Amino acid sequence: MLAFSGRPALAARAQQVLDRAHALATEHDRPDLVAQVRVFRGMVAICACRYPVGLAHVEAGLAQFAQLAVDATYERAVARTMAFSAHIGCGRLRDALVAGRRWVADQEVRRNRFGRAMGRLLVGFAALGLEGLDPTPLCVEIVAERQGEALRGLVLSMVLMVQASSALYFERPTDALAVVQRHWGPVVRQGGLLMQFARVFLLGLRGRCGAAAGTPAGRRIARRCARRLLRERCPQADGEAAISRALLTPAGLDPRAHWARAEAAFAAAELPLQRAAAAWAGSGGSAEIQATFQAAGVHDPAGWSAVLIGRRPSA
């Protein structure tokens, strides 16, 4: 919990705690705890928006658990949940789709309504990118389901992400902003912005939706989100802020400097699809950019770019 907020001092303290935990687990010959520490290292990195590093730790921890004759059901469930977030963050949509479908099947067997809902939403988000399938009906269905009040905010934050992204993909920016505004209050009140990676993603999405809508209120929202993102002090947040500022550039002025800043920030964050979308918006399409989307299996690169940067780039 120390590192989840994204504060550097707390993140450093978390690493010290994990180093001590690893030393104790090794000293007492507890390979199960060594694996658990590895998973937690991954969680710390993912919460700090360092998705590739975090995913490597989580997958290594899961591999260690698989070699042990111990009941690690809970630990594996936590690890897989964080891996889903990392797959989505990294743009590894195929991995997210496969893992999400397995997760949904498992949660149905366990009759876990919350886990099933979260898995279905992740599958819907991945299918939007890979197959161009609109997940809006799924979102409406899940909002209507009964969830425990303590978990409602998490479900709504995922619904917000999936449904607003779908509206951007299908060029309905006004609907995207309406979805964000409808769910924003409950998401904030129930702790949906406490973890840095969720806060950065949702603030970036809200800013993109506001700027893309183009209304005075939407533009004010985008400016506020950009200011808040710059306080996060991480490359992904810097890239998200630059996107909002590019989209808010007045007619007659050149937004390419903002797109270049977004591209550089996403390169530093190791987010190839966001980097490619920002490069496309700033300097036009290229074979390299198209290859990046094709390698990820994206069905409609322009549509997925709208999800990532708020609008479809010019051809």
Q: Before anything else, pin down the relative contact order of the chain: Cα pairs under 8 Å, at least 6 apart, normalised by residue count, whole percent.
A: 14
Q.
Under a crude label model (7 Å from the Cα following the beta-carbon direction), how far is Gln294 from Ala217 in nanometres?
A. 4.4
**Q.** Backbone HN-Hα couplings from phi across region 81-91 [Karplus 6.51/-1.76/1.60, Hz, Gly and Pro as x]
**A.** 4, 5, 5, 4, 4, 5, 4, 5, x, 7, x
Q) Using alpha carbon centroids, what distance separates region 240-262 and region 76-147, in Å? A) 32
Q. What order do you get for Leu247, Leu24 when you list them from fewest to most C-beta neighbours inside 10 Å?
A. Leu24, Leu247
Q: Label region 1-90 by shape, choosing from rounded, prolate and oblate, from the square roots a ≥ b ≥ c of the eigenvalues of the Cα gyration tensor; if a/c is under 1.5 it is rounded, and otherwise prolate applies when a/b is larger than b/c, oblate when it is not.
A: oblate
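Would you order Arg206, Arg220 from fewest to most other beta-carbon atoms within 10 Å of each residue's own beta-carbon?
Lowest count first: Arg220, Arg206.
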Q.
Charges on Cβ only, +1 for Lys and Arg, -1 for Asp and Glu, centred on the Cα centroid of the chain; of Ala83, Ala12, Ala267, which one is farthest towards the dipole's positive end?
A. Ala12
Q | Loop-located trypsin sites (Lys or Arg not before Pro) in region 94-159, at most 16 other Cβ atoms within 10 Å (DSSP) | A | Arg111, Arg146
Q: Treat the count of other C-beta atoms within 10 Å as a stand-in for reagent exposure and order Asp238, Asp300 from fewest to most.
A: Asp300, Asp238
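Once you have a ≥ b ≥ c as the square roots of the Cα gyration tensor eigenvalues for the chain, tell me rounded if a/c is under 1.5, and otherwise prolate or oblate according to whether a/b is larger than b/c.
Prolate, since a/c reaches 1.5 and a/b exceeds b/c.
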Q. So, counting K/R as plus one and D/E as minus one, what does the shell of residues with Cβ under 9 Å around Val104 add up to?
A. +2
Q | Estimated FRET transfer efficiency (Val17, Ala260; beta-carbon r; R0 41 Å; 0.05) | A | 0.60
**Q.** Length-normalised contact order of region 1-146 in % [C-alpha pairs under 8 Å, at least 6 apart]
**A.** 15
Q.
Give me the extension gain from Arg101 to Leu230: residue separation times 0.36 nm, minus the current Cα-Cα distance, reported in nm with one decimal.
A. 42.9 nm
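Could you compute the net charge surrounding Tyr169? Neighbours are other residues with a C-beta less than 13 Å from the C-beta of Tyr169; K and R count +1, D and E count -1.
My count for the surroundings of Tyr169 gives -1.
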Q. Stretch Ala77-Glu171 to full length: gain in nm at 0.36 nm per residue minus the Cα-Cα span?
A. 30.3 nm
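We did not get these values from a lab; they are worked out from the coordinates using the rules stated. All figures in this text were calculated on a predicted structure; none of them were measured in a lab. Cβ atoms come from the backbone with ideal geometry, glycine included; neighbour counts cover every protein chain shown.
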